[in-house]
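> Got a structure here, written out as structure tokens. Questions coming.
The values are calculated or read from the model by the stated rules, or taken from the named source; none is laboratory data. Nothing here was measured: the structure is a model prediction, and the numbers come from that model. Reconstructed Cβ throughout: ideal geometry from the backbone, glycine too, with neighbour counts over all protein chains shown. To get the accessible areas, we keep the full protein, side chains included, count just its heavy atoms, and leave off ligands, DNA and RNA. Shrake-Rupley method; radii C 1.70, N 1.55, O 1.52, S 1.80 Å.
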Amino acid sequence: MLFEGNDRRQLEKLKKSEGLLPPGQSLTLKWPVLHYGSVPRFDPETWDLRVTGLVESPLKLTWNQFNALPKIQHTSDFHCVTRWSRFDNRWDGVAFRELLARVHPKPEAAYILVHAEQGFTANVPLADLDRGEVLLATHHDGEPLTAEHGYPLRLIVPHLYAWKSVKWVRGLEFLQHDTPGFWEQNGYHMYGDPWKEQRFSR
Ligand SMILES: Nc1nc2c(c(=O)[nH]1)N[C@H]1C(S)=C(S)[C@@H](COP(=O)(O)O)O[C@H]1N2
Ligand SMILES: [Mo]
């Protein structure tokens, strides 16, 4: 136990010295589970992913159709606003850009409201999802996501606080104006940059 604690502190020091630990965060080797509400059940027969709003070609994909899309892998760090950071997570999934290329956003589309099961939402600027490391992940460190970590599908936005990395994603709604999501309506910051400690809105 003591040994484990020493390992953690060593690694935390290293990540800090490398400039990889955002201010006010500490490193965890475990992977906490954090969300509002209960863990939804997945039914591959009725599940779909919808891309709606200000796009020329709205999309509705079944689970099989989604899984036929090209997959990528990306390793990134994960920073929760409750002050833990988990490093070097390997995610497998479909690049956000893969979907973006198919829906043809209208020129006025500037924000996305990400929709999850049970009405959970999070708002992210389109420019922040239009990055190579943003993906709709199905696997973590080589294993399918567990139910509590977002199975079957979660968004991963490594450069923002993890409440933007929506679990159990079902929809992406393209909007002109920034519209607060679930945590944002409850006082969290509209953008959520961990390097600027944008934890709460004033
Ligand atoms: N659908 C949904 N996704 C969510 C949340 C939530 O409440 N509902 N919480 C967010 C928060 S605050 C964090 S820190 C991460 C935690 O992901 P994890 O449970 O896999 O560690 O999920 C995010 N995604
Ligand atoms: Mo979080």
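> Explain nothing, just the number: dipole magnitude of the chain about its Cα centre with +1 on each Lys and Arg Cβ and -1 on each Asp and Glu Cβ, in debye rounded to the nearest 20. Don't jump to the answer; show the numbers that get you there.
Values: 24 positive and 25 negative charges, 78 e Å.
About 380 debye.
> Report ³J(HN,Hα) in whole Hz for each residue of the range 184-193, in order, from the Karplus equation J = 6.51 cos²θ - 1.76 cosθ + 1.60 where θ = phi - 60°; Gly and Pro get x.
Taking θ as phi minus 60°, the curve returns 5, 5, 9, x, 6, 5, 5, 9, x, 7 Hz for the range 184-193.
> Would you work out if the chain is rounded, prolate or oblate? Take a ≥ b ≥ c from the square roots of the eigenvalues of the alpha-carbon gyration tensor; rounded if a/c is under 1.5, else prolate when a/b is larger than b/c, oblate otherwise.
prolate
> How much of the accessible area of the chain, probe 1.4 Å, is carbon plus sulfur, in whole percent?
Summing carbon and sulfur atoms, their accessible area is 52 percent of the total for the chain.
> In whole Å, how far is the Cα centre of the range 9-71 from that of the range 102-144?
Distance between centres, Cα-based: 9 Å.
> Quick check for me: using +1 on Lys/Arg Cβ and -1 on Asp/Glu Cβ, what's the dipole size of the range 11-112 about its Cα centre, in debye to the nearest 20?
300
> Mind listing the phi-derived Karplus ³J(HN,Hα) values for the range 131-136, rounded to whole Hz, using 6.51, -1.76 and 1.60 with θ = phi - 60°, and x for any glycine or proline?
9, x, 8, 8, 9, 9
> Counting other Cβ atoms within 10 Å, keep those with at most 10, restrict to DSSP loop, and tell me which GluC sites (Glu not before Pro) in the range 108-202 are left. Don't skip to the answer; put the middle values down first.
On the way: sites: Glu108, Glu117, Glu133, Glu148, Glu173, Glu184, Glu197; in loops: Glu108, Glu133, Glu197.
Sparse-neighbourhood loop GluC sites (Glu not before Pro): Glu108.
> Now for a different question. Specify, per residue and in Å³, the volume enclosed by the convex hull of the alpha carbon atoms belonging to the range 140-196.
Cα convex hull per residue, to the nearest whole number: 105 Å³.
> Report ³J(HN,Hα) in whole Hz for each residue of the range 146-152, in order, from the Karplus equation J = 6.51 cos²θ - 1.76 cosθ + 1.60 where θ = phi - 60°; Gly and Pro get x.
These are the phi-based 3J(HN,Hα) values: 7, 3, 6, 9, x, 3, x Hz.
> Would you calculate a helix-derived [θ] at 222 nm for the chain, using -39,500 (n - 2.57) for each DSSP H run of n ≥ 4 and dividing by the full residue count, to the nearest 500? Walk me through the numbers on the way to the answer.
Values: 5 runs with 37 residues, N = 202.
Calculated mean residue ellipticity at 222 nm is -4500 deg cm²/dmol.
> Here is a follow-up. For Phe120, enumerate residues with amide H under 5 Å from its amide H, sequence gap 5+ or separate chain, H modeled in the peptide plane.
Long-range HN contacts for Phe120: none found.
> Under 5 Å between amide H atoms, partner at least 5 residues away or on a different chain: which partners does Leu135 have, H built in plane at 1.01 Å?
Phe96, Ile156
> How far is helix 2-17 tilted off the main Cα axis of the chain, in degrees rounded to 10, range 0 to 90?
70
> Which of these, Phe66, Phe78, Phe96, has the largest mean-square fluctuation under a Gaussian network model of the chain (Cα springs below 10 Å)?
Highest fluctuation among the options: Phe66.
> For Gln25, enumerate residues with amide H under 5 Å from its amide H, sequence gap 5+ or separate chain, H modeled in the peptide plane.
Excluding prolines and chain starts, which carry no amide H, there are no hits.
> Of Trp63, Thr52, Val39, which is farthest on the positive side of the dipole of the range 20-86, counting Cα position, with +1 on Lys and Arg Cβ, -1 on Asp and Glu Cβ, and the Cα centre as origin?
Val39
> Which of the GluC sites (Glu not before Pro) across the range 1-52 are loop residues per DSSP, with 16 or fewer other Cβ within 10 Å?
On the way: sites: Glu4, Glu12, Glu18, Glu45; in loops: Glu18, Glu45.
Sites meeting the loop and neighbour criteria: Glu18, Glu45.
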